[in-house]
Amino acid sequence: MPEFAYLARDMAGKSSAGTIAAANARDAATQLGAKSLFPISITVNKASQVKMTKRVSGAQMGSFYAQCASLLRAGVPMLRTLALLSNQSGGNRTLQNAVTEIRGRVEEGEALGEAMARYPRIFNDMAINMVRAGSEGGFLEDALERVGSFVEKQEEIKGKTMGAIAYPVFVMSVGVVVVTVLLIFFVPQFEGIFGALRAKGKLPQATEILLGISKIVQYYWWAILGAVALIGLVINKYLKTINGKRNLDLLKIKTPLMGSVFLNLAVARFCQVLGTLLKNGVPILRSLEISRQAAGNVVLAESIAAASEEITAGERLAKQLEKSGHFPQTVVEMISVAEESNSLDSVLVTIAENLERTTFRRLETVVRLLEPIMLLILAGMVMFVVLALMLPILNSSDAL
């Protein structure tokens, strides 16, 4: 049952504030009246709506959405569906408890999307908005099925990417550890050997740099680790702000090699959701509001929001998306033709499918390039250490 924050006065005119559990605002006012309190204001207690829970894996969420859609499509009532899913949530206690509480709130008359919104760490914005639109438009089964498909595809991409970069990351990590050990224990042994050459001013610059780095790592490793941890905390806090999220998303789509991958995946999600909503009869403005949040990119969402404002004035969608400069030209052209032929819903789904196929192929290519790139970086680090140590010896041999 939701909680309401109230401000009231008693019979003596004394102010009183607090929270009260009630089915709705009217019920809350009735309860306050029974306590001889005259309500001044009654508002939903936002803090009580959000439940901070553990995260649930994408694979389990994809299965949850798919099962929910299947049961509803088979004619099973919503409450019965939620009861079944609360007992079949893959053994995940967090998801079971959330579904159980959601069922109770739906039984009390709360909308499914609103109940899901109380668990932001389990149900993301795209899923919540898709469920809200599906409930309003009468296509909840399709909405849940589409969300499940999105989640499964994201997990597939994540799995392929992690599997492909696991070996390069392992090699790079081992290389960094080896170089650090060399700098702390091996390189300092040459300090005395190179002392005479340094006194004569004949020590190569590369060797001087290597010995300097070795001293820093050897004596100030604690400061380096502390600085890295502090920088990590500052960056993490900044990325939780609106400007931080915007700059991170902008960096994603501007990064060489991977920028087009991030951009195309966001555009594909936007087109897929927008096409699905339009096909099910959701108005264009409402569809744009939901689909821009489903894109998963703040920069793209802001561009779509600006386009929505112009559409209310009678402008075409394709023209406004082109102005943003974030949508591929081929996508803009296809949307323009679809608007003229009144087939925007089906064309958007086709665009999304084509973008996903081409993006997956490009992602596989980029991931394959990571291994040789990391190996080259590692080889360069080791070569620098070896050459910096060998140059003074070679110079001494030549002089001799």
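The values are calculated or read from the model by the stated rules, or taken from the named source; none is laboratory data. Given the structure is predicted, the values throughout are model-derived calculations rather than measurements. Heads up, the Cβs are rebuilt from the backbone with ideal geometry, glycines too, and the neighbour counts pull from every protein chain shown.
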>> If I filter region 240-278 down to residues being assigned to a loop (DSSP other than H, G, I, E, B) and touching a residue at least 12 places away in the same chain (Cβ under 8 Å), which single residue comes out as nearest to Glu136 (Cα to Cα)?
In response: Met258
> Using beta carbons and a limit of 7 Å, which pairs, at least six apart or on different chains, have the first residue in region 201-215 and assigned to a loop (DSSP other than H, G, I, E, B) and the second one among the hydrophobic types (A, V, I, L, M, F, W, C)?
Replying inline: Leu203/Phe194; Leu203/Leu197; Pro204/Leu391
>> So if I check each of Leu233, Leu211, which one is closer than 14 Å to Leu391 by Cα and either in contact with a helix residue (DSSP H, G or I) (Cβ under 6 Å, 6 or more places away or on another chain) or assigned by TED's automatic domain parsing to the domain that holds Leu387 (or both)?
In response: Leu211
>> Exactly one condition in (1) modelled with pLDDT of 85 or more; (2) in a helix (DSSP H, G or I) is false for Ile373; which is it?
In response: (1)
> Applying the selection to region 91-109, what residues are under 21 Å from Met130 (Cβ atoms) and surrounded by fewer than 17 Cβ atoms within 10 Å (Cβ to Cβ)?
Replying inline: Glu101
>> Among the residues of region 191-200, are any free of Cβ contacts under 8 Å to residues at least 12 places away in the same chain and charged (D, E, K, R)?
In response: yes
> Between residues in region 141-157 that are closer than 9 Å to Gly58 by Cα and residues that are buried (at least 23 other Cβ atoms within 10 Å of the Cβ), which pairs lie under 7 Å by C-beta distance while being six or more apart or on different chains?
Replying inline: Val151/Met61; Val151/Tyr65
>> Conditions first: (1) more than 22 Å from Ser135 (Cβ to Cβ); (2) surrounded by fewer than 17 Cβ atoms within 10 Å (Cβ to Cβ). Leu285 passes all but one, so which condition is the exception?
In response: (1)
> Scanning region 44-56 for residues that are modelled with pLDDT under 70 and either exposed (fewer than 12 other Cβ atoms within 10 Å of the Cβ) or aromatic (Phe, Trp, Tyr) (or both), which turns out nearest to Pro120 (Cα to Cα)?
Replying inline: Met52
>> What's the total number of residues in region 291-322 that are part of a helix (DSSP H, G or I) and either modelled with pLDDT of 80 or more or farther than 21 Å from Ala127 by Cβ (or both)?
In response: 22
> Inside region 160-191, can you point out the residues that are among the hydroxyl-bearing types (Ser, Thr, Tyr) and farther than 18 Å from Ile224 by Cβ?
Replying inline: Thr161, Tyr167
>> For region 300-321, check the following and say yes or no: at least one residue is in the same structural domain as Ala166 (by TED's automatic domain parsing), among the polar types (S, T, N, Q), surrounded by 15 or more Cβ atoms within 10 Å (Cβ to Cβ) and within 16 Å of Ser260 (Cβ to Cβ).
In response: no
> Quick one: would you say Val171 is in contact (Cβ under 8 Å) with a residue 24 or more places away in the chain, touching a helix residue (DSSP H, G or I) at 6+ places or on another chain (Cβ under 7 Å) and not assigned by TED's automatic domain parsing to the domain that holds Met78?
Replying inline: yes
>> Exactly one condition in (1) under 27 Å from Met381 (Cα atoms); (2) under 19 Å from the mean Cα position of the chain (by Cα) is false for Lys245; which is it?
In response: (1)
> Taking Thr358, is it over 30 Å from Gly314 (Cβ atoms), hydroxyl-bearing (Ser, Thr, Tyr), part of a helix (DSSP H, G or I) and modelled with pLDDT of 85 or more?
Replying inline: yes
>> I need the full set of residues from region 125-152 which are among the polar types (S, T, N, Q) and surrounded by 21 or more Cβ atoms within 10 Å (Cβ to Cβ), in order please.
In response: Asn129
>> Only one of Val273, Val228, Val332 is on the phi < 0 side of the Ramachandran plot, crowded, with 21+ Cβ neighbours inside 10 Å and not polar (S, T, N, Q). Can you tell me which?
In response: Val273
